[in-house]
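Enquirer: Structure below; questions to follow.
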Amino acid sequence: MEILKIENLSKVYGRGETAVKALDDVSFSVNKGEFVVIIGPSGSGKSTLLHLLGGVDRPTEGNVIVDNTNIYQLNETQLAIFRRRQIGLIYQFYNLIPILTVQENITLPILLDGHKVDDQHLKEIVQTLNIENRLTHLPNQLSGGQQQRVSIGRALISNPAMMLADEPTGNLDSKNSNEIINLLKMFNKKYNQTLIVITHDERIALQADRVISIEDGRIANDEVIRP
Ligand code: ADP
Ligand code: ADP
């Protein structure tokens, strides 16, 4: 089943002399539950693509259709709700809020939506991530690997349709990197969530179902590894 469809997506930053075309007429589809790795040189448009898939930015041209919703036809309020419910975003430097505890960071997307936290779901997530005894700590009291696990918890709490990760292991040693990728893969299978990861790490690319290479804002290669 198709969960994501990208049609003729282009993104230009700035205008006139200094305009940069970061994405140039990109189209592809992703199935529910697929684990896709996006690779490509620095500056090729990977982060721009991921942000457009996550409803974080707006394209210059083209459509992003998630679960039959053309997300850039939504207004800002609807788009914000879409992001919190359907998208789990994970960054290289975790992007946790330093003055909030681990538990507050994880549950924030639910609280912002005005919903009550499902304590059972929260418990299951923090136990699986092995951070259940860190819930009252602040992010700077945790190691890098732990902070990334908190950010995975925050991304998972709303049961999103898609998990999007931009260099999630870029700031971690190989032991912690393996742990993070194994967790992402495990949740990908367990919840049948679509997982899209930007990485420079060949070892991670080898574990994906599919690898899409981006060069100069275009798809250079799209290879299914595991059908
Ligand atoms: P990657 O993630 O592959 O390194 P990016 O998507 O970050 O690539 O960037 C693609 C191109 O768009 C680069 O030339 C970059 O300098 C440019 N770019 C990215 N974000 C912005 C921005 N906010 N304003 C202007 N140019 C940008
Ligand atoms: P890792 O092997 O995950 O990178 P570290 O060696 O960085 O872990 O940290 C080891 C332990 O010390 C971890 O359990 C972490 O929570 C704790 N720790 C690290 N930094 C701090 C800190 N600034 N304050 C309190 N505890 C910390």
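The values are calculated or read from the model by the stated rules, or taken from the named source; none is laboratory data. Computed from a predicted model, the values in this text were never measured in an experiment. A quick note on method: Cβ atoms are made from the backbone with ideal geometry, for glycine too, and the neighbour counts reach across all protein chains shown. All accessible areas refer to the heavy atoms of the entire protein, side chains included, with ligands and DNA or RNA removed. Shrake-Rupley method; radii C 1.70, N 1.55, O 1.52, S 1.80 Å.
Enquirer: Among all the aspartates and glutamates, which ones have a C-alpha under 16 Å from residue 32's C-alpha, if same-chain residues fewer than 8 places away are not counted?
Expert: Answer for residue 32, where 16 Å is the Cα cut-off: 2, 67, 209, listed by chain and number.
Enquirer: Roughly what angle does helix 174-190 make with the longest principal axis of the chain, taking Cα atoms, 0 to 90 degrees, to the nearest 10?
Expert: The helix 174-190 is inclined about 80 degrees to the chain.
Enquirer: Can you give the relative contact order of the chain as a percent, counting alpha carbon pairs under 8 Å and 6+ residues apart?
Expert: 28
Enquirer: How much area per residue is accessible in the chain when the probe is 1.4 Å and only protein heavy atoms are counted (Å²)? Before the final figure, lay out the partial values.
Expert: Details: 10940 Å² over 227 residues.
That works out to 48 Å² per residue.
Enquirer: Here's a follow-up. For the chain, with only Lys/Arg (+1) and Asp/Glu (-1) charged at the beta-carbon, what is the dipole magnitude about the Cα centre, in debye rounded to 20?
Expert: 480
Enquirer: Among the chymotrypsin sites (Phe, Trp or Tyr not before Pro) in the range 39-96, which ones are in a DSSP loop with at most 15 other Cβ atoms within 10 Å of the Cβ? Mind listing them?
Expert: 93
Enquirer: Could you tell me the convex hull volume per residue, in Å³, taken over the Cα atoms of the chain?
Expert: 130
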